[in-house]
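Novice: A single structure is presented below for examination.
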Amino acid sequence: MKSSAIRQSFLDFFASKGHTVVPSSPLVPGNDPTLLFTNAGMVQFKDVFTGQDKRTYTRAVSSQRCVRAGGKHNDLENVGYTARHHTFFEMLGNFSFGDYFKQDAIKYAWEYLTTVLKLPTEKLWVTVYAEDDEAYDIWHNDVGVPKERIVRIGDNKGARYASDNFWAMGDTGPCGPCTEIFYDHGPEVAGGPPGSPDEDGDRYIEIWNNVFMQFNRDEAGTMHPLPKPSVDTGMGLERISAVMQHVHSNYDIDLFQALIKAAARETQTADLANNSLKVIADHIRACSFLIVDGVIPGNEGRGYVLRRIIRRAIRHGYKLGARAAFFHRIVPDLAAVMGEAYPELVKAQDRVMDILRQEEERFFETIEHGMGILESALKALPAGGTFDGELAFKLHDTYGFPLDLTADICREADVGVDTAAFDAAMARQKAQARAAGKFKLGAALEYAGEATTFHGYDTLTHDATVLALYKDG
Ligand code: ATP
Ligand code: MG
Ligand code: MG
Ligand code: MG
């Protein structure tokens, strides 16, 4: 079953259950300045859950384009490392706005998976929020899932991949306990069942989250009950496609294979299993759709996230031997596989290619020199070592290497980055520039990495002086 057929079957199934089919909203949320990007299907319905917005329907279904590359849900650092995380993905979701609740949500999900998609029930595991006896009983007594495959899980803050059965869009906004459905890809794949110490692996993959929206969290962290209990669900199209196409990795599904082949063609790479091709295939989707939705590479906020993703993609191309702009040439291949579902992509194709090409040409001017410096410094370090933060700053400042890019390269050599020294160098330069009295401080940009964590260095609203200072700009 092709990804496009799965997408359609999901929409059709919930339409047959009285849900209104609602198109995907853009990646830049129109209704929420606190959110960097649309990170779930519920984002466009946020105000409907809180009761501030009214619709003509109480049941909706959508296939929502999402980006998780910043803010509360950030999977940028997982791309290239897990079989199941993307920066851009499509979330299939059904929603109830004060209509049905736990009972029907669980039954619909089970019916779709086991009768429409015909998944074998013994491969499905479920998790429920630790205290949610009601959900537990529905799964066990009504649906008939054996106790061995129902796992109770509480708030799991801090753990990197660990299941967390209390879902929230962000630090504020609608939230509630959830129940999740996992698929067991079999003993050939490493990893334990949800809730076990080795659940980080890719064997038991979370495919569908059903959130019982009950609260709205405010800035102070206080939870206010929503006017009516509601339902918000999300299933990753790429993950369910992997299941349906009998492959273990999302990167082996139809949609991704076309992009991986295109990336191989543009970088003249013979080995289709090369990890860099996966990263490029992932990033072309995020970058193209962000541009479609109005984001332009820049030095702050959303534009800087986009720039960082583009530069990471270029670096992977460089690693494969590319020495000139290649990334933008994959856009027509993307339009070929996703254009039918997203006509706006086809319409914007030329603009997307132009913007990417310009960004690539600019970075290709400095990447060679920057990589030379970075690699020779890395060579001098042992595994487990720490990369000099001053040098990371120089790479950022002079060669356009965002800190997360340097950290990503270092991570491949098992080296961390001295982010405190980076921050200090950044602060020093800002103080100097401030003393020159020529610029304003912009919004804080948050990024949490793996090898490194740094939060919120202020970015710059550039004028001529800063453009000169920041060769990046
Ligand atoms: P995981 O634990 O695997 O990181 P999650 O719990 O963060 O997933 P949810 O916020 O519950 O994910 O989102 C609902 C669904 O969206 C998930 O069950 C999964 O199928 C899909 N999904 C989430 N993040 C990604 C991603 N980065 N790439 C692809 N699909 C994703
Ligand atoms: Mg996640
Ligand atoms: Mg999860
Ligand atoms: Mg989840």
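Novice: On the given criteria, is residue 348 at pLDDT 95 or above and under 25 Å from residue 277 (Cβ atoms)?
Specialist: Yes: the conditions hold for residue 348.
Novice: How many residues, within region 259-311, are at negative phi and in a loop (DSSP other than H, G, I, E, B)?
Specialist: 13
Novice: Tally up the residues in region 109-143 that are open to solvent by less than 50 Å² (accessible area, probe 1.4 Å), farther than 18 Å from residue 184 by Cα and free of Cβ contacts under 8 Å to residues at least 24 places away in the same chain, please.
Specialist: Summing the residues that are open to solvent by less than 50 Å² (accessible area, probe 1.4 Å), farther than 18 Å from residue 184 by Cα and free of Cβ contacts under 8 Å to residues at least 24 places away in the same chain in region 109-143 gives 1.
Novice: Mind listing whichever residues of region 1-20 are among the β-branched types (Val, Ile, Thr) and part of a helix (DSSP H, G or I)?
Specialist: 6
Novice: Still on this structure: What are the residues in region 185-225 that are of a type in the set (D, E, K, R), modelled with pLDDT of 90 or more and away from ligand 2 (no atom under 16 Å from the Cβ), if any?
Specialist: Residues satisfying the conditions are 188, 203, 217, 218, 219.
Novice: Criterion first (among the acidic types (Asp, Glu), in contact with a Gly (Cβ under 9 Å, 6 or more places away or on another chain) and surrounded by fewer than 18 Cβ atoms within 10 Å (Cβ to Cβ)) does residue 254 satisfy it?
Specialist: Answer is no for this residue.
Novice: Scan region 432-450 and tell me whether some residue there is part of a helix (DSSP H, G or I), modelled with pLDDT of 95 or more and open to solvent by 30 Å² or more (accessible area, probe 1.4 Å).
Specialist: no
Novice: Next up: Does region 69-83 hold any residues that are away from ligand 2 (no atom under 11 Å from the Cβ) and farther than 17 Å from residue 308 by Cα, and which are they?
Specialist: Within region 69-83, 81, 83 meet the criteria.
Novice: So, one more: Which condition number does residue 211 fail, the rest of (1) of a type outside the set (Ser, Thr, Tyr); (2) within 20 Å of the chain's Cα centre (by Cα); (3) over 21 Å from residue 170 (Cβ atoms) being met?
Specialist: Checking residue 211 against (1) of a type outside the set (Ser, Thr, Tyr); (2) within 20 Å of the chain's Cα centre (by Cα); (3) over 21 Å from residue 170 (Cβ atoms), the one that fails is (3).
Novice: Do we have any residue at all in region 21-29 that's buried (at least 22 other Cβ atoms within 10 Å of the Cβ), within 11 Å of ligand 1 (Cβ to nearest atom) and outside any strand (DSSP E or B)?
Specialist: no
Novice: Is it the case, given these coordinates, that residue 340 is part of a helix (DSSP H, G or I) and either in contact (Cβ under 8 Å) with a residue 12 or more places away in the chain or open to solvent by 40 Å² or more (accessible area, probe 1.4 Å) (or both)?
Specialist: no
Novice: Here is a further query. Does region 371-387 include one or more residues that are touching a residue at least 60 places away in the same chain (Cβ under 8 Å), over 20 Å from residue 279 (Cα atoms), assigned to a helix (DSSP H, G or I) and basic (Lys, Arg)?
Specialist: There is no residue in region 371-387 that is touching a residue at least 60 places away in the same chain (Cβ under 8 Å), over 20 Å from residue 279 (Cα atoms), assigned to a helix (DSSP H, G or I) and basic (Lys, Arg).
Novice: Same structure, new question: Quick check on residue 173: is it buried (at least 18 other Cβ atoms within 10 Å of the Cβ) and farther than 24 Å from residue 133 by Cα?
Specialist: The answer is yes for residue 173.
Novice: Inside region 201-246, can you point out the residues that are in a helix (DSSP H, G or I), within 14 Å of ligand 4 (Cβ to nearest atom) and either among the acidic types (Asp, Glu) or open to solvent by 10 Å² or more (accessible area, probe 1.4 Å) (or both)?
Specialist: 239
Novice: Please enumerate the residues belonging to region 387-428 that are among the polar types (S, T, N, Q) and open to solvent by 20 Å² or more (accessible area, probe 1.4 Å).
Specialist: Within region 387-428, 398, 419 meet the criteria.
Novice: Next up: Just name the residue that is nearest to ligand 3 (Cβ to nearest atom) out of those in region 178-190 that are in contact with a strand residue (DSSP E or B) (Cβ under 9 Å, 6 or more places away or on another chain) and either open to solvent by 30 Å² or more (accessible area, probe 1.4 Å) or within 17 Å of residue 164 (Cα to Cα) (or both).
Specialist: The residue in question is 180.
Novice: Then there's this: So which residues in region 347-379 are of a type outside the set (Gly, Ala, Ser) and surrounded by fewer than 15 Cβ atoms within 10 Å (Cβ to Cβ), if there are any at all?
Specialist: Selection gives 347, 350, 351, 354, 358, 361, 365, 368, 369, 375, 379.
Novice: Among the residues of region 84-103, how many are surrounded by fewer than 22 Cβ atoms within 10 Å (Cβ to Cβ), more than 9 Å from ligand 1 (Cβ to nearest atom) and either assigned to a loop (DSSP other than H, G, I, E, B) or at positive phi (or both)?
Specialist: 4
Novice: Mind checking which residues of region 54-68 are within 12 Å of ligand 2 (Cβ to nearest atom) and open to solvent by less than 30 Å² (accessible area, probe 1.4 Å)?
Specialist: 66
The values are calculated or read from the model by the stated rules, or taken from the named source; none is laboratory data. This is a predicted model, so every value here is computed, not measured. Here Cβ is always computed from backbone atoms with ideal geometry, including for glycine, and neighbour counts include all displayed protein chains. We work out accessible area using only protein heavy atoms, side chains counted, and drop any ligands, DNA or RNA first. Shrake-Rupley method; radii C 1.70, N 1.55, O 1.52, S 1.80 Å.
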